[in-house]
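Structure first, then comments.
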Amino acid sequence: MDRDPTKDDIEAILRDLKEEGFEPLIVNTDGSPLYPGLIEKVWSNARHQRCIFHFIKQILKLLFPAFWEAYQTMPLPVKGPKGRPLNKDKKRVEREKEKKKNREIVRKARWLPFKNPENLSETEKEHLSNILELCPVLQPLRELICAILSIFGSSTTLQEAEEKRLAICSSSLFQSKEVFSKALKKLEDKELFEKLTAYLHFENAVKTTNHVEGKNRSYRLSCQHQCQKVRYRFRCESSIHALLIHLHYRKRPSSVSSHTPIRVRLRKPVSLPGESPPSLGLCEEEVKQVA
């Protein structure tokens, strides 16, 4: 499409599928507002599954300020006077250097407290343990992240997932942190949570759209199989124009003067009566010369 899809576009696609006899039991989407009402309208008996990956990504983004809040509680090194320190001040200088080093260790590994515990290597587990010792204020944040991930990771029944959700929302430790409020508010939304756990009504339902998006991405970008010849970044006139100029300069013969301006000329689009003009018309010989 030459524009962003609207609700009418989505409804047309869903109704075409319905006319072809497609009656799904569960429909998996991301968090776009285009889908919820239309799925209920077209497939009233289907369950709507919100993608777990996109939800977790949103939650972690809301929790990221909590890391910097905890990081700011670490002691700051105090800058001493200029010049070489006296013997009596050497221990103090070493302590200040240690503070600076500890802050740098925690800052560089700021992504580690947000990682799924199931995906941590042994080295990362040791590193994370060291970070939590250097900055103990990060411990509640890590516990909250692990608790949220466990809902959608190890839960096998709706009742188990609901119990974990209620335990998180009623935790005095998490509720006392103002920086957790936005993430907890998302989790307290029961209607949203029912969509996030719709996959638990089935034995083999998929809880994320990532496998579909990954397949679509590999289809778009697969050059060797020529599944789709046009990539997203090369489908508009200006981007193809820029690409051809880049190829022309990269492949320029040595006999061409570096001061000679080289321009790639675009053929004017020619359209028959009643037909819409093409977005880009390039002469084949010109493209061969440029390439």
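The values are calculated or read from the model by the stated rules, or taken from the named source; none is laboratory data. All figures in this text were calculated on a predicted structure; none of them were measured in a lab. Heads up, the Cβs are rebuilt from the backbone with ideal geometry, glycines too, and the neighbour counts pull from every protein chain shown.
Which ones in region 14-30 are part of a helix (DSSP H, G or I) and either on the phi > 0 side of the Ramachandran plot or surrounded by 13 or more Cβ atoms within 10 Å (Cβ to Cβ) (or both)?
LEU14, ARG15, LEU17, LYS18
Can you tell me which of (1) crowded, with 17+ Cβ neighbours inside 10 Å; (2) part of a helix (DSSP H, G or I) is the one LYS61 doesn't meet?
The failed condition is (1).
Scan region 34-49 and tell me whether some residue there is over 29 Å from ASP4 (Cβ atoms), within 29 Å of the chain's Cα centre (by Cα) and either touching a residue at least 40 places away in the same chain (Cβ under 8 Å) or in a helix (DSSP H, G or I) (or both).
no
Can you tell me which condition ASP2 does not meet? The list is (1) more than 28 Å from LYS182 (Cα to Cα); (2) among the charged types (D, E, K, R); (3) part of a loop (DSSP other than H, G, I, E, B); (4) in the same structural domain as ALA161 (by TED's automatic domain parsing), and all the others hold.
The one condition ASP2 does not meet is (4).
Looking at LEU166, LEU187, LEU192, which one is assigned to a helix (DSSP H, G or I) and closer than 20 Å to VAL27 by Cβ?
LEU192
Are there any pairs, at least 6 apart or on different chains, whose C-beta atoms fall under 8 Å, with the first in region 148-175 and farther than 15 Å from ASN116 by Cα and the second assigned to a helix (DSSP H, G or I) and β-branched (Val, Ile, Thr), and if so, which?
ALA161/ILE151; LYS164/ILE151; ARG165/ILE151; ILE168/ILE148; ILE168/ILE151; PHE174/ILE168
Within the group SER171, SER254, SER239, which residue is modelled with pLDDT of 80 or more and hydroxyl-bearing (Ser, Thr, Tyr)?
None of the other options fit; the residue is SER171.
Report, ordered by the first and then the second residue, all pairs with beta carbons closer than 6 Å, sequence separation of six or more or different chains, a first member in region 127-145 that is farther than 10 Å from LEU112 by Cβ, and a second member that is surrounded by fewer than 15 Cβ atoms within 10 Å (Cβ to Cβ).
Listed pairs, sorted by first residue: VAL137/THR73; PRO140/LEU173.
Here are some residues: ARG107, ARG103. Which one is part of a helix (DSSP H, G or I), at pLDDT 90 or above and in contact with a Cys (Cβ under 9 Å, 6 or more places away or on another chain)?
ARG103
Looking only at residues in region 31-48 that are of a type in the set (D, E, K, R) and exposed (fewer than 15 other Cβ atoms within 10 Å of the Cβ), which one is nearest to THR197 (Cα to Cα)?
Once the filter is applied, the top-ranked residue is GLU40.
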